[in-house]
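A short write-up of the structure that comes next.
The values are calculated or read from the model by the stated rules, or taken from the named source; none is laboratory data. This one's a predicted model, so the numbers in the text were calculated from it and none came from an experiment. Using ideal geometry, Cβ is built from the backbone for each residue, glycine included, and neighbour counts are taken over all protein chains shown. Heads up: the accessible areas ignore ligands, DNA and RNA and are worked out on the full protein's heavy atoms, side chains in. Shrake-Rupley method; radii C 1.70, N 1.55, O 1.52, S 1.80 Å.
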Amino acid sequence: MSVLVLILLISLIMENSGSSPRYLVTSSPNWNHIYTGDPVTLTCDTGPEKNSNKDNFIWFKDNKEMNQQKQKFYLSEAKSSDSGVYECWTGSGDRSHPLTIYVIQKDVKNRPTVTFNPNYRNIFAGEKMTISCEDGSYATRNQRYVWYKNNKILDNDQKFITIIKANSNDSGEYRCGRGRRDSYPLRLHVHPIYDEVILQTPPNILEGDPLDVRCHSYPHYSNKEEDGTFYKDGDIIQKSNQILHLENVTKSTTGIYRCEKIVQTQNSKLEETFMFVQDLFTRPEIKAHSDIKEGEVLTLRCDTRCNPLREDTELTFTFYRNGETVQELRSHDTYTVQTAQGKDSGKYTCTVRTLSDTVMKRSDELFIRIIDPVTGITLGPDKDNSIQWIIIGVPALVFILVVVLLVMCRKKMSARCCHKKPPSTGMDMGQNDQDMDKEYAASDSEGIYVNVSSRDEVAVVYSTIGDVISETRRTSWK
């Protein structure tokens with residue numbers, strides 16, 4: 001009797017072992033197939049409840065501890081040896097859900113593709129699985145297939161591998177090749193029958209894909225095959241159905257999923273998995289020189305990258321200025337203005353979307369200034385460009401008036417210097433010094449003032465700025 005009680009206690013512990021929140025390993029970019037030489041950042045996501053600054057992180061690769069103790073783990077230039085299964089741990093509780101990273105060669109066109117039928121990455125022992133190598137390239141039509149399992153060549157040169165009754169030895173990574181082109185690997189996991197309930201998900205899930213998740217029990221273990229309850233991040237999302245169908249998944253679909261079924265023992269069995277929805281393409285970034293001179297060519301680029309699994313995805317690009325469309329749904333990622341004008345100044349954004357319109361992403365704003373090449377002032381439809389002419393014109397007009405004034409004064413002075421002084425008389429010499437030094441001043445209503453010394457034929461002219469000089473009055477000593 002005591003043995004039976006012990007078995008029941010162990011069963012309860014195993015059932016509830018996944019009930020506490022577990023950590024996640026996330027990647028940036030948000031996909032798990034990385035090109036050789038590209039950077040990637042792995043993060044141990046402990047969730048909002050945890051204060052990650054106090055945690056001491058431990059990283060594992062292929063179940064071996066790494067010399068990494070920070071929350072973020074950087075690969076500056078990914079290498080093929082960086083491929084593997086990554087997990088993190090904070091020293092208490094369970095390890096994180098694993099994330100498998102594949103580092104692959106870039107610039108390989110028309111890769112063959114491995115597919116599973118049924119399209120699940122996990123099955124029970126004893127179940128059937130068909131693995132196919134899909135290759136539409138005409139160049140390799142007459143070439144044989146090469147199959148690999150865990151990087152070892154299999155004795156099969158056909159398009160299909162058929163597993164009639166799977167067992168644990170069939171678990172592993174499968175890939176195929178034709179010619180010099182190899183597919184991406186797909187991992188198959190075969191569960192033992194005593195797992196009783198498994199949550200079946202596709203090998204790869206990308207934005208915009210339809211999704212079927214299955215709460216699957218080993219044949220004859222469940223009283224009602226259609227029964228099943230689905231949880232996402234601890235909340236019930238569907239009851240009384242073994243299939244959870246989503247028509248168009250988004251990044252928000254990512255999370256920890258569980259399914260619950262009643263099996264023959266009448267006990268509820270829970271299975272948990274981390275469902276990772278990969279980006280179909282990165283969020284776009286609009287790029288251009290922010291300052292463009294009037295009359296120059298303005299070129300903006302809406303920069304994005306496609307997931308290596310869907311590198312041939314067709315995208316359309318739309319550009320906006322101040323919220324209004326300036327170029328709509330083009331297949332190329334650039335917008336060009338051959339001769340930039342003031343009206344082209346403004347805040348630019350771009351959107352990228354699939355042809356089916358299932359995925360759309362928008363860039364941040366980029367402010368573009370069209371600059372007057374002479375003054376350096378920003379031109380634009382919302383600017384009063386007459387102000388800049390006032391700013392330019394007033395100093396220029398003042399400068400011209402001053403030059404004219406100086407030239408006229410110089411001419412008057414030169415003309416006076418050419419006249420001879422009238423001869424002096426005794427009477428002249430005998431006058432009082434104060435009489436000799438009398439000055440006469442005259443002014444007119446136009447604001448021109450002239451002071452002339454009676455001793456010298458010198459005219460000094462003062463003028464208010466902006467007035468036009470009409471004449472210079474001259475007073476001679478008498």
Which of (1) out of contact with any strand residue (DSSP E or B) (no Cβ under 8 Å at 6 or more places or on another chain); (2) of a type in the set (Ser, Thr, Tyr); (3) open to solvent by less than 70 Å² (accessible area, probe 1.4 Å); (4) modelled with pLDDT of 80 or more is the odd one out, the single condition residue 17 does not satisfy? (4)
Checked the stretch 55-85 for anything open to solvent by 60 Å² or more (accessible area, probe 1.4 Å) and either touching a Cys at 6+ places or on another chain (Cβ under 7 Å) or assigned to a helix (DSSP H, G or I) (or both); matches are 80, 81
Given (1) within 30 Å of residue 112 (Cβ to Cβ); (2) crowded, with 20+ Cβ neighbours inside 10 Å; (3) not basic (Lys, Arg), where does residue 313 come up short, assuming only one miss? (2)
Might you check whether a residue that is modelled with pLDDT under 90 and either surrounded by fewer than 19 Cβ atoms within 10 Å (Cβ to Cβ) or in contact with a Lys or Arg (Cβ under 6 Å, 6 or more places away or on another chain) (or both) occurs anywhere in the stretch 209-218? yes
Restricting to the stretch 164-208, give me the number of residues that are open to solvent by less than 40 Å² (accessible area, probe 1.4 Å), farther than 24 Å from residue 133 by Cα and over 36 Å from the mean Cα position of the chain (by Cα). 3
Per the filter on the stretch 70-90, residues closer than 24 Å to residue 187 by Cα and of a type in the set (Val, Ile, Thr) are 85
Go through (1) in a strand (DSSP E or B); (2) open to solvent by less than 40 Å² (accessible area, probe 1.4 Å) and name the single condition residue 340 misses. (1)
In the stretch 133-156, what residues are over 38 Å from the mean Cα position of the chain (by Cα), at pLDDT 90 or above and surrounded by 12 or more Cβ atoms within 10 Å (Cβ to Cβ)? 145, 146, 154, 156
Could you look through the stretch 292-310, keep only residues that are more than 19 Å from the chain's Cα centre (by Cα) and part of a loop (DSSP other than H, G, I, E, B), and pick out the one that is surrounded by the fewest Cβ atoms within 10 Å (Cβ to Cβ)? 297
Of all residues being acidic (Asp, Glu) and within 17 Å of residue 24 (Cα to Cα) in the stretch 245-278, which is nearest to the chain's Cα centre (by Cα)? Just the residue, please. 272
Of everything in the stretch 276-291, what is assigned to a strand (DSSP E or B) and crowded, with 20+ Cβ neighbours inside 10 Å? Give them in sequence order. 277, 278, 281, 286
Just checking, which of 305, 330, 362, 369 is touching an Asp or Glu at 6+ places or on another chain (Cβ under 6 Å) and among the basic types (Lys, Arg)? 369
